[in-house]
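Notes for the one structure printed next.
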């Protein structure tokens, strides 16, 4: 009898616990509590779409525009430093042109090509009235034997002075001019004519830099 009562009491306790557990599961959540749907918790927030033009816009922003080639007039006007060299001929044209350009006060004369915006080449030829002696081998009309002969000629050509202005960066020719000196027999007169021609040539270059109508 006592065993039967114990088994019955155990069954009643089990039923009570089961009923309490079921009641707790079916009880609704309190108004202050919030629950998040598992689907909402698992779904990540969508990333911002960069759009199809973002890569192209970035590449366009990094592209470098090609360098614009300056016209000779603009390049000459913006030049500040000048290297003057003698490529051929005597000292007179070089000295006259160098002194004249330096006297303008427009350029700073430099001694190397590295800092030079412009390179001015001065050359001259002819007009030196030199006597040239040439030798020849011939046959004597009297003896019929070979004999040496010589002849002399004098250079009577007029001297020519040229001035070439070159861009110190890309080496293109920006301006070129020439001037002929009058021929003279006397050395002093030839030198004076060469000075005059060099001054005229420098004046031509100055007119290219500063046209007469702009002064």
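Any read-out appearing in this document is the output of simple, stated calculations on the displayed coordinates, not a laboratory observation. None of these values were measured; they are calculated from a predicted model. Here the Cβ positions follow ideal geometry from the backbone for every residue, glycine too, while neighbour counts run over all protein chains shown.
If the segment from residue 85 to residue 196 were pulled out straight at 0.36 nm per residue, it would be longer than the present Cα-Cα gap by 38.0 nm. Each of residue 178 and residue 207 was given a label point 7 Å from its Cα along the Cα-to-Cβ line. The distance between the two points is 1.8 nm.
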